[in-house]
Amino acid sequence: MQWIRGGTGMLWVNQEDGVEEGPSDVQNGHLDPNSDCLCLGRPLQNRDQMRANVINEIMSTERHYIKHLKDICEGYLKQCRKRRDMFSDEQLKVIFGNIEDIYRFQMGFVRDLEKQYNNDDPHLSEIGPCFLEHQDGFWIYSEYCNNHLDACMELSKLMKDSRYQHFFEACRLLQQMIDIAIDGFLLTPVQKICKYPLQLAELLKYTAQDHSDYRYVAAALAVMRNVTQQINERKRRLENIDKIAQWQASVLDWEGEDILDRSSELIYTGEMAWIYQPYGRNQQRVFFLFDHQMVLCKKDLIRRDILYYKGRIDMDKYEVIDIEDGRDDDFNVSMKNAFKLHNKETEEVHLFFAKKLEEKIRWLRAFREERKMVQEDEKIGFEISENQKRQAAMTVRKASKQKVTQRKWHY
């Protein structure tokens with residue numbers, strides 16, 4: 001037997017193999033969909049009852065979650081907006097993120113769930129299609145999750161002032177909210193989006209394959225696993241942006257915009273020969289492929305670990321062309337393990353030579369990955385906030401000062 005943890009309660013379900021084989025003689029509880037109470041004493045007859053329990057748990061947690069969101073928006077955010085002397089618009093954006101968008105989305109989602117919920121026979125409910133119809137909407141959680149660490153940091157700073165402690169506590173009491181601090185309420189959406197795959201996996205487990213909802217629940221599970229996986233991946237990328245800022249600071253003679261102005265992930269790097277224009281000189285460069293752009297660097301002749309900035313290529317404007325080995329008339333060179341980047345607007349062409357075929361294949365794969373990443377980021381509106389860029393820059397400056405201090409002590 002296993003406890004399935006809900007947003008505000010826990011559901012006890014039997015997971016013995018016998019449940020799937022036929023009627024069970026195990027006694028189990030029934031969850032009232034309008035409360036978190038597990039009503040004991042009703043015999044569990046079969047998997048239909050198990051499915052009803054999971055459905056009721058999902059409905060119950062969704063209803064409670066909507067109340068949490070309402071409390072955050074009306075109990076905290078609405079009151080904060082009235083206090084311009086305490087909060088700027090930028091602060092509120094950092095603290096609450098896109099919580100209002102999530103609240104509006106969840107109200108529509110729950111409305112559709114309620115339509116599909118069979119109150120008399122919960123096990124007959126078909127809620128799988130609801131997840132599929134709203135799958136694009138769940139991507140708004142990515143922005144919220146990516147912003148959550150900044151929200152915690154901003155709240156932590158404010159809470160050092162007793163005025164803010166008393167203000168947030170007054171908001172909670174005025175809204176008659178449960179005794180949880182504001183950071184606990186703001187964590188709820190992060191926990192919620194991670195919970196959906198667990199709930200759907202449990203629902204699928206107790207849904208017979210001949211049930212009308214089976215294939216929809218299976219598809220919904222795949223969708224929500226992908227959503228949470230992609231959200232976690234983007235959160236990981238944001239946690240690593242300090243490394244990108246530190247790398248840029250180590251490159252000498254940097255020109256133009258910062259990497260973080262457009263990019264958030266180093267996809268691939270390697271050394272190749274490069275010709276910029278027909279009849280141009282073959283040059284050896286180190287290339288760093290990020291989302292949206294590829295940076296070109298030159299190694300120092302003596303200190304090979306030192307890099308000099310030599311330019312960048314806007315990957316949004318270029319297409320990758322695989323080239324067969326042989327003679328290229330345009331560039332007047334013999335080619336092996338080569339490919340081109342072609343500017344679709346200006347017809348500008350860059351020619352690259354990998355040292356080995358395996359290396360060329362890895363580069364071509366990396367370019368495909370870069371385009372896929374950009375498309376997925378655009379789909380969900382993923383970007384690095386100005387606050388996150390500032391934090392990364394501060395981390396680099398702090399690290400640089402520490403290095404200077406260490407050198408002084410060393411001498």
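The values are calculated or read from the model by the stated rules, or taken from the named source; none is laboratory data. Model, not experiment: these values are computed from the prediction. Glycine gets a Cβ as well: all are built from the backbone with ideal geometry, and neighbour counts include every protein chain shown.
Worth a mention:
- Selection status of Gln191, closer than 30 Å to Arg47 by Cα and either surrounded by fewer than 13 Cβ atoms within 10 Å (Cβ to Cβ) or without any contact (Cβ under 8 Å) to a residue 40 or more places away in the chain (or both): yes
For every residue, the table says whether it meets (1) assigned to a helix (DSSP H, G or I); (2) modelled with pLDDT under 95; (3) closer than 30 Å to Arg51 by Cβ.
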site	(1), (2), (3)
Leu198	yes, no, yes
Val217	yes, no, yes
Gln230	yes, yes, yes
Leu238	yes, yes, no
Ala249	yes, yes, no
Gln277	no, yes, no
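- The residue list Gln284, Gln277, Gln246, Gln230 contains one member that is under 30 Å from Phe331 (Cα atoms) and in contact (Cβ under 8 Å) with a residue 24 or more places away in the chain, which is Gln277.
- Summed over the range 309-361, the residues that are over 21 Å from Phe288 (Cβ atoms), of a type in the set (Asp, Glu) and surrounded by 13 or more Cβ atoms within 10 Å (Cβ to Cβ) give a count of 1.
- Any hit, the range 361-372, residues being among the acidic types (Asp, Glu), farther than 18 Å from Gln283 by Cα and part of a loop (DSSP other than H, G, I, E, B): no
- Scanning the range 113-142 for residues that are free of Cβ contacts under 8 Å to residues at least 60 places away in the same chain, surrounded by 14 or more Cβ atoms within 10 Å (Cβ to Cβ) and of a type in the set (S, T, N, Q) yields one hit, Gln116.
- The residue that is surrounded by the most Cβ atoms within 10 Å (Cβ to Cβ), counting only those in the range 148-188 that are free of Cβ contacts under 8 Å to residues at least 40 places away in the same chain and acidic (Asp, Glu), is Asp183.
- Yes/no for Gly270 being assigned by the TED database to the domain that holds Phe287 and either in contact (Cβ under 8 Å) with a residue 24 or more places away in the chain or of a type outside the set (Asp, Glu) (or both): yes
- Filtered residue count, the range 370-384, keeping only those that are more than 23 Å from Ile313 (Cα to Cα) and either more than 15 Å from the chain's Cα centre (by Cα) or hydroxyl-bearing (Ser, Thr, Tyr) (or both): 0
- Lone qualifier among Glu74, Glu100 - being over 27 Å from Val227 (Cα atoms), modelled with pLDDT of 95 or more, surrounded by fewer than 21 Cβ atoms within 10 Å (Cβ to Cβ) and among the acidic types (Asp, Glu): Glu74
- Of Arg312, Arg365, Arg371, Arg397, all but one fail to be at pLDDT below 85 and out of contact with any Lys or Arg (no Cβ under 9 Å at 6 or more places or on another chain); the exception is Arg397.
- Subset of the range 249-274 (residues that are over 15 Å from Lys299 (Cα atoms), surrounded by fewer than 16 Cβ atoms within 10 Å (Cβ to Cβ) and polar (S, T, N, Q)): none
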